[in-house]
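Okay, structure first, notes after.
The values are calculated or read from the model by the stated rules, or taken from the named source; none is laboratory data. Just so it is clear, the model here is predicted, and its values are computed rather than measured. All Cβ positions, even for glycine, are placed from backbone atoms using ideal geometry, and neighbour counts span all protein chains on display.
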Amino acid sequence: MAEIGFIGLGNMAKAMIGGMLENQIVQPGQIIGSAKTRETCDLMAARYGIGIRSSNAEVAAEARTLILAVKPQFLAEVIDQIKGAVREEQLIISIAAGKTLGWLAETFGRELKFVRCMPNTPAMVGEGCTGVCVNGRVTKEEADYCLRLMESFGKASLIEDRLVNAVGVVSGSSPAYVFMFMEAMADGAVMAGMPRKQAYEFAAQAVLGSAKLMLETGMHPGELKDMVCSPGGTTIEGVKVLEERGFRGAVMDAMAACMAKYERL
């Protein structure tokens, strides 16, 4: 019996497996997985030393904890393949956006130990942020175990099922906006004469340092913004332009559009 089974071995599964092994939550021989292509399976086996199974049903039958790391549009098909192999005592973790605990129970055709997790791509460098929600069949010890798994590649918090989409909006999708912001900042630095590679490094470090400053000081972001804006200085001129162009409103509108899409999945 394997400790953890992954159905789907894409980028997010790769980040999760890497974090679990690096933090010695499990050993390579305790993880099994399956994927659509043999090439993906072979690459993951070579990179991490995990066991590979030829079908999703085999993974479901052998794993104590089953992680469904497939995209939302494929999840129903995968569940149809494995629902006869899962067990009452098994912990089933889904990372598919938009698929609620109720949807999981309905699609499996019975109530099992379901967990919804919403990790994000910074998990690939050990800086993920994951929301975790569980149904009534999951014990406190099992919920704590799920948190330990998710904390192996970043931060994790228990949340209510109704807030999972909000987690997806604020941490799951938002790295794309942050990357766009960094790219735009770098473009501005290039306009000022800085070489492109150096501009990306300065922009990325500014974002990293700003986030760390807020997390470690616990200060309100508005207060930290005010610290940078000296009276009559350069920064307040830039802030004025962003406000005139609807910067904050545009971000909020983008997140609202993202939330609407989550709810349609």
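Okay, here's what the table says:
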quantity: Test result for Ala186, over 30 Å from Leu21 (Cβ atoms), touching a Phe, Trp or Tyr at 6+ places or on another chain (Cβ under 6 Å), outside the structural domain of Ala96 (by TED's automatic domain parsing) and not in a loop (DSSP other than H, G, I, E, B); calculated: yes
quantity: Every pair of residues 6+ apart whose Cβ atoms lie under 8 Å, when the first sits in the range 209-230 and is part of a loop (DSSP other than H, G, I, E, B) while the second is surrounded by 10 or more Cβ atoms within 10 Å (Cβ to Cβ); calculated: Met219/Leu213; Cys229/Thr235; Cys229/Ile236; Cys229/Val239; Ser230/Ile236
quantity: Of residues in the range 111-122 being in contact with a Lys or Arg (Cβ under 9 Å, 6 or more places away or on another chain) and among the hydrophobic types (A, V, I, L, M, F, W, C), the one surrounded by the fewest Cβ atoms within 10 Å (Cβ to Cβ); calculated: Leu112
quantity: Any chance Ala254 is under 24 Å from the mean Cα position of the chain (by Cα), part of a helix (DSSP H, G or I), under 26 Å from Leu163 (Cβ atoms) and at pLDDT below 95; calculated: no
quantity: Residues of the range 103-141 classified as touching a residue at least 40 places away in the same chain (Cβ under 8 Å) and among the basic types (Lys, Arg), total; calculated: 1
quantity: Hits in the range 62-74 - residues which are over 10 Å from Ile7 (Cα atoms) and either in contact with a strand residue (DSSP E or B) (Cβ under 8 Å, 6 or more places away or on another chain) or crowded, with 19+ Cβ neighbours inside 10 Å (or both); calculated: Glu62, Ala63, Arg64, Thr65
quantity: Lone unmet requirement of (1) among the small types (Gly, Ala, Ser); (2) closer than 20 Å to Val78 by Cα; (3) assigned to a loop (DSSP other than H, G, I, E, B) for Gly102; calculated: (3)
quantity: Cross-chain or 6+ apart pairs with Cβ under 9 Å, the range 23-48 first and surrounded by fewer than 13 Cβ atoms within 10 Å (Cβ to Cβ), then in a loop (DSSP other than H, G, I, E, B) and of a type in the set (A, V, I, L, M); calculated: Gly29/Ile50
quantity: Any hit, the range 240-248, residues being modelled with pLDDT of 95 or more, surrounded by 10 or more Cβ atoms within 10 Å (Cβ to Cβ), of a type in the set (A, V, I, L, M) and assigned to a loop (DSSP other than H, G, I, E, B); calculated: no
quantity: Scan of the range 214-226 for residues that are surrounded by 11 or more Cβ atoms within 10 Å (Cβ to Cβ) and aliphatic (A, V, I, L, M), ordered by number; calculated: Met214, Met219, Leu224
quantity: One residue from Thr107, Thr130 being of a type in the set (S, T, N, Q), over 17 Å from Pro175 (Cβ atoms) and modelled with pLDDT of 95 or more; calculated: Thr107
quantity: The range 108-130, residues that are in contact with a helix residue (DSSP H, G or I) (Cβ under 7 Å, 6 or more places away or on another chain), in a loop (DSSP other than H, G, I, E, B) and more than 18 Å from Val70 (Cβ to Cβ); calculated: Glu111, Gly126
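Listed here are the residues, each with its yes/no results for (1) in contact with a Phe, Trp or Tyr (Cβ under 6 Å, 6 or more places away or on another chain); (2) within 30 Å of Val26 (Cβ to Cβ); (3) without any contact (Cβ under 8 Å) to a residue 40 or more places away in the chain; (4) not aromatic (Phe, Trp, Tyr).
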position: Ser157; (1), (2), (3), (4): no, yes, yes, yes
position: Gly172; (1), (2), (3), (4): no, yes, no, yes
position: Tyr177; (1), (2), (3), (4): no, no, no, no
position: Met180; (1), (2), (3), (4): no, no, yes, yes
position: Gln198; (1), (2), (3), (4): no, no, yes, yes
position: Ala204; (1), (2), (3), (4): no, no, yes, yes
